[in-house]
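Heads up, the thing below is written out as structure tokens.
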Amino acid sequence: MAESVAAPIVSQSATQLPIVGKSEVRPTWCPGCGDYSVVASIEMALKRLKIPSKDVVIVSGIGCSSNLPHFLSSYGFHGLHGRTIPVAEGVRWGNHGLTVIGTGGDGDGFGIGVGHLIHAMRRNVKLTYVTMDNQVYGLTTGQASPTSRMGQKTKSTPTGVIENPLDPVSLALASGATYVARGFSGDVKHLTDLVANGIAHKGFAFVDVFSPCVTYNKVNTFDFFRQRVYKLESAGHDPSDLGAAFQRSLEWGDKIPIGLFYSVEKPTYEDLEEVLAAGPLAYQPSGLKGREKLLDEFV
Amino acid sequence: MKELAVRVGGQAGDGIASIGESIARSFSRMGLHVFGLNAYQSVIRGGHVWYHARASEGKVHCQGDTADILYALDRQTVDVHASILRPGGTVIFDPEKFPLAPTDVSSELHLLPVPTLEIARKYTSQSILQNAAGIGATAFLAGIPLDVIHQVLTDSFGRKAGDVVTWNIGASADGYRFAETKGPIHPKAIAKKGPPKLLMTGNQAIALGAAAAGCKFLVQYPMTPATSIMHWLAAHSRALGIVVKQSEDELASINMAIGASFAGVRTMTASSGGGFALMTEGLGMAGMAEVPVVVVDAARAGPSTGLPTKTEQGDLNLLLGAGQGEWPRAVLAPSDPVEAYRLTAVAFDLAERFQTPVLVLTDFHLAEAMEGVDREEIDLNIPIPSLFTVAPDSHRYRRYLDTESGVSPRAFPGQPGLNHIALSDEHDEYGGDVSDIRAGIPAAIAVRKKMMEKRMRKLKGLAKEAPPPVLEGPADAPLTFVAWGSPVGAVRDAMTILHEKGKATNLLRFPTLYPLDPDVVRSMFARTRKTLLIEGNFSGQFAHLLRAETGIELPQKFLKYDGEPFYPHQIVARAQEVL
């Protein structure tokens, strides 16, 4: 259910317009990196939803995974470390006809940028935010991240992490995200479903992805997750039950759930911002020509 | 030129600003030029606050040095402010609140005891109504007709329920008539002079200017003294079709503004120095990604939290150096509300045309003081060229095309065939990232050099297009004041005083602080004789900038960093030393 865009220069019908595909830039990730599956899932999800590439903006921050917008043919904004979300919100409010997808890593989203994430979720801005969560800082060559587990040895924690990890799924549930899912780079088909449904979701869709770093995280590997993940869809989980979603989000150990934790339909920020009812802001008239009566209030 | 000033003082929470604004607005509606200064502290209740309303037949540019009527809601007000009353001035007070004997003040002053509490009790048990009685007495003494003050009170309380308006009308009339029985109106009182004037703060002028210049998205986190920009636009959001977003912090403010601008709307954010400091990384990204954005810094006295409700021009260096690395920017500094309105529109125009941040630097004094404005000075008809100027073509679109001006054709998401990535990393003309696998190889080194030069070339255009320095006063005066921002008002009034003393001076002021065109600036200084810099900071930041950009030295400086605005008499005294 992609939204239509009132673009001023549309000369072709939407069905003739190109859909998002690969760009000319080849991914720069390490061979075997989990992020290859994530970019593939976003590409396949957008193809499934048949959203013209002109109407898609992929926003990222800084980190290995944040290079993602370069590898697809949509519009993109590759911004600052930790600021993926506010740029994405700004794009969305500037033109809410666009499909806006935020991408990035666990450091970007849950470390330096976590403040923005919480507020975007409670606002229920219609965005899809896909985190490539590898539980380590990769681009800076292997330091602890907010999702590194207790005891994990990294360059910044040579004797092991002594902080509790942040749980992105529980955080999202507590913050008011209206679509909360977790995927695994080892299951692209499942991940594509989660991303596609997230993009189609009317509200803030959060998809945390176990996307292993093959270079700097020797604990949370593909094998680690393959042995542990199970799908909520096959476990009788009811995604409309917030309490059950919280329960599932706390599971970590021999069995780790992936899939859709929670989904609910609520008014989005854009629904409630009355100014946007007149159409995308970018195409609304502006200025004060002929509004001299406005000056009366200063008398 | 006849002028009269009223000062009202009391405790925070007493309604001092409301009293003061009622008086200021009444003068303005009488067609007088008004300057209204609200001096307060960073608390909601308690602490000494005061309001100064200066009215004149001719233009006044600042709060001035004196007052004629002091309405004191507490004894502290008399102790602090009676000394600024001119001979023949009057202190209005309620003896039920505190005793005051003629011997407590200068023998050249009059006392007018008014039973404001007693009047209020006729109507309600709410003691706040005493203010209406005080306003009435003050209005009589200040020559404000009763119907003018009644209309102002009706307009301010009209939204409130029940008897509030009736009580205010009644109590103010009682106060007015009480004063009438006690003596004549103040000899300096001015009669109605012409059509009503507008009365606006610098912040309101900026908000209005942004709306007129096509701003569709204002994002801001509350911080004194920038907050009222958001208040004005929020109040008019629906009517004007402008989205006003209160962000979670200033990091979000600048990044949201950049996102919305990337999507194709004109955007603005505003804060004071502390919030601006948080925006600096984002600003650099806007410079790098070539996204227009207008950012207002309404400076207050720093460093750090500093004096939140006091004024200073200490943020100039912050704005000049904001952000890592080098990127093109312009810094504009309006000196009064009319210029704040116009320069805000200029800021939007320059930001759009040069696709880079334009910073507007004000201070507490300009942001919050109210000044009279003639309706004709505000032209709402500001041209807003369409942002959609790039047609899709068969060639691969180069968002960062290297051009002579440094400005590249700009496209927006939603436009077919123009897909691109905007980015904070160094990039080639297509928006391809050269920071990662390509950095350091010869082709990428060449790209880096070329793109730096492309972006920084915009400074040349900005220096030509941004408003040049303005010379006010006689060209051949023996002393030239050099100033920017709100102190310009006090300088203008000081020049009038010096003129009356037979001393000719002029003023060279800088609506654009950066970039300066060195040739233009040097040619303007070529005709000056002695100079005196008037700047509201400790180190003379503008003098450093001017020397760095033009080689011109300003050896004589009057620097102020006590949190208070410049007063004309202070500038006159310093000028006489220099002359």
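Between A:Lys153, A:Lys126, the distinction of being in a loop (DSSP other than H, G, I, E, B), over 16 Å from A:Pro86 (Cβ atoms) and among the basic types (Lys, Arg) belongs to A:Lys153 only.
Figure legend. Inter-residue proximity from the stretch B:407-425: first residues within 7 Å of chain A (Cβ to nearest Cβ) and over 18 Å from A:Ser53 (Cα atoms), second residues assigned to a loop (DSSP other than H, G, I, E, B) and among the charged types (D, E, K, R), beta-carbon distance below 8 Å, spacing 6+ or different chains. Indicated pairs: B:Asp425/B:Asp436.
Of all residues in the stretch B:352-373, those satisfying the criterion of being under 23 Å from B:His231 (Cβ atoms) and either among the small types (Gly, Ala, Ser) or over 13 Å from the mean Cα position of the chain (by Cα) (or both) are B:Val358, B:Leu359, B:Ala367, B:Ala369, B:Gly372, B:Val373.
Name the residue that is farthest from B:Val291 (Cα to Cα), counting only residues in the stretch B:303-359 that are in contact with a Phe, Trp or Tyr (Cβ under 7 Å, 6 or more places away or on another chain) and part of a helix (DSSP H, G or I). Within the stretch B:303-359, the match that is farthest from B:Val291 (Cα to Cα) is B:Leu316. When the residues of the stretch B:373-396 are filtered to those that are touching a Lys or Arg at 6+ places or on another chain (Cβ under 7 Å) and modelled with pLDDT of 95 or more, the one that is farthest from the other protein chains (Cβ to nearest Cβ) is B:Asp374. Can you tell me which residue within the stretch B:117-142, out of those that are in a loop (DSSP other than H, G, I, E, B) and either of a type in the set (Ser, Thr, Tyr) or out of contact with any Asp or Glu (no Cβ under 9 Å at 6 or more places or on another chain) (or both), is nearest to B:Phe178 (Cα to Cα)? Among residues in the stretch B:117-142 that are in a loop (DSSP other than H, G, I, E, B) and either of a type in the set (Ser, Thr, Tyr) or out of contact with any Asp or Glu (no Cβ under 9 Å at 6 or more places or on another chain) (or both), the one nearest to B:Phe178 (Cα to Cα) is B:Tyr123.
Among the residues of the stretch B:410-427, the ones that are part of a loop (DSSP other than H, G, I, E, B) and closer than 19 Å to A:Gly94 by Cβ come to 11 in all. Among the residues of the stretch A:148-164, is there at least one that is within 14 Å of chain B (Cβ to nearest Cβ) and charged (D, E, K, R)? Within the stretch A:148-164 (the criterion being within 14 Å of chain B (Cβ to nearest Cβ) and charged (D, E, K, R)), the answer is no, since none of the residues qualifies.
Let's see how each residue does on (1) within 21 Å of B:Leu283 (Cβ to Cβ); (2) touching a Lys or Arg at 6+ places or on another chain (Cβ under 6 Å); (3) charged (D, E, K, R):
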{"site": "B:Glu371", "(1), (2), (3)": "no, no, yes"}
{"site": "B:Arg398", "(1), (2), (3)": "no, no, yes"}
{"site": "B:Leu401", "(1), (2), (3)": "no, no, no"}
{"site": "B:Pro409", "(1), (2), (3)": "no, no, no"}
{"site": "B:Ala422", "(1), (2), (3)": "yes, no, no"}
{"site": "B:Met456", "(1), (2), (3)": "yes, no, no"}
{"site": "B:Leu459", "(1), (2), (3)": "yes, no, no"}
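Taking the criterion of being in contact (Cβ under 8 Å) with a residue 24 or more places away in the chain, out of contact with any Phe, Trp or Tyr (no Cβ under 8 Å at 6 or more places or on another chain) and either under 30 Å from A:His96 (Cβ atoms) or among the β-branched types (Val, Ile, Thr) (or both), the residues of the stretch A:215-252 that qualify are A:Thr215, A:Val219.
Of the residues B:Leu316, B:Leu278, B:Leu320, which single one is surrounded by fewer than 24 Cβ atoms within 10 Å (Cβ to Cβ), hydrophobic (A, V, I, L, M, F, W, C) and under 26 Å from B:Pro565 (Cβ atoms)?
Answer to the selection: B:Leu320.
Scanning the stretch A:55-91 for residues that are at the interface with chain B (Cβ under 8 Å from one of its Cβ atoms), over 22 Å from A:Gly111 (Cα atoms), in a helix (DSSP H, G or I) and touching a Ser or Thr at 6+ places or on another chain (Cβ under 8 Å) returns A:Asp55, A:His70.
For every residue, the table says whether it meets (1) within 25 Å of the chain's Cα centre (by Cα); (2) within 23 Å of B:Val373 (Cβ to Cβ).
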| site | (1), (2) |
| --- | --- |
| B:Gly36 | yes, yes |
| B:His52 | yes, yes |
| B:Ala55 | yes, yes |
| B:Val60 | yes, yes |
| B:Thr66 | yes, no |
| B:Ile69 | no, no |
| B:Ala72 | no, no |
| B:Val78 | no, no |
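The condition (being crowded, with 18+ Cβ neighbours inside 10 Å, under 30 Å from B:Gly563 (Cβ atoms) and among the β-branched types (Val, Ile, Thr)) is satisfied by just one residue among B:Val407, B:Val346: B:Val346.
Restricting attention to the stretch A:254-299, the residues being at the interface with chain B (Cβ under 7 Å from one of its Cβ atoms), closer than 27 Å to A:Ala172 by Cβ and of a type in the set (Phe, Trp, Tyr) number 0. For A:Asp35, the criteria (1) within 14 Å of the chain's Cα centre (by Cα); (2) away from chain B (no Cβ under 13 Å); (3) without any contact (Cβ under 8 Å) to a residue 60 or more places away in the chain hold in every case but one, which is (3).
Residue under question is A:His190, and the condition is that it be touching a strand residue (DSSP E or B) at 6+ places or on another chain (Cβ under 7 Å) and over 24 Å from A:Ala120 (Cβ atoms); does it hold? Here the answer is yes, as A:His190 does meet what is asked.
Taking the stretch B:215-229 as the range and being buried (at least 24 other Cβ atoms within 10 Å of the Cβ) and out of contact with any helix residue (DSSP H, G or I) (no Cβ under 6 Å at 6 or more places or on another chain) as the test, the residues that pass are B:Cys215, B:Ala226. Can you find a residue in the stretch B:361-377 that is surrounded by fewer than 24 Cβ atoms within 10 Å (Cβ to Cβ), in contact with a helix residue (DSSP H, G or I) (Cβ under 9 Å, 6 or more places away or on another chain) and in a loop (DSSP other than H, G, I, E, B)? Yes, there is a match, as at least one residue in the stretch B:361-377 is surrounded by fewer than 24 Cβ atoms within 10 Å (Cβ to Cβ), in contact with a helix residue (DSSP H, G or I) (Cβ under 9 Å, 6 or more places away or on another chain) and in a loop (DSSP other than H, G, I, E, B).
Considering only the stretch B:501-521, I want to know if a residue exists there that is buried (at least 16 other Cβ atoms within 10 Å of the Cβ), more than 26 Å from B:Asp297 (Cβ to Cβ) and in contact (Cβ under 8 Å) with a residue 60 or more places away in the chain. Within the stretch B:501-521 (the criterion being buried (at least 16 other Cβ atoms within 10 Å of the Cβ), more than 26 Å from B:Asp297 (Cβ to Cβ) and in contact (Cβ under 8 Å) with a residue 60 or more places away in the chain), the answer is yes, since at least one residue qualifies.
Of all the residues that make up the stretch A:92-122, how many are within 7 Å of chain B (Cβ to nearest Cβ) and either at positive phi or not in a helix (DSSP H, G or I) (or both)?
3
Taking the stated definitions as given, is A:Lys293 more than 30 Å from A:Gln135 (Cβ to Cβ), modelled with pLDDT of 95 or more and part of a loop (DSSP other than H, G, I, E, B)? No; evaluated as a whole, the condition is false for this residue.
The residue of the stretch B:384-427 that is nearest to B:Ala289 (Cα to Cα), among those that are of a type in the set (D, E, K, R) and over 40 Å from the mean Cα position of the chain (by Cα), is B:Arg396.
The values are calculated or read from the model by the stated rules, or taken from the named source; none is laboratory data. All of these numbers come straight from a predicted model, not from anything done at the bench. Glycine also receives a Cβ, built like all others from the backbone with ideal geometry; neighbour counts cover every protein chain displayed.
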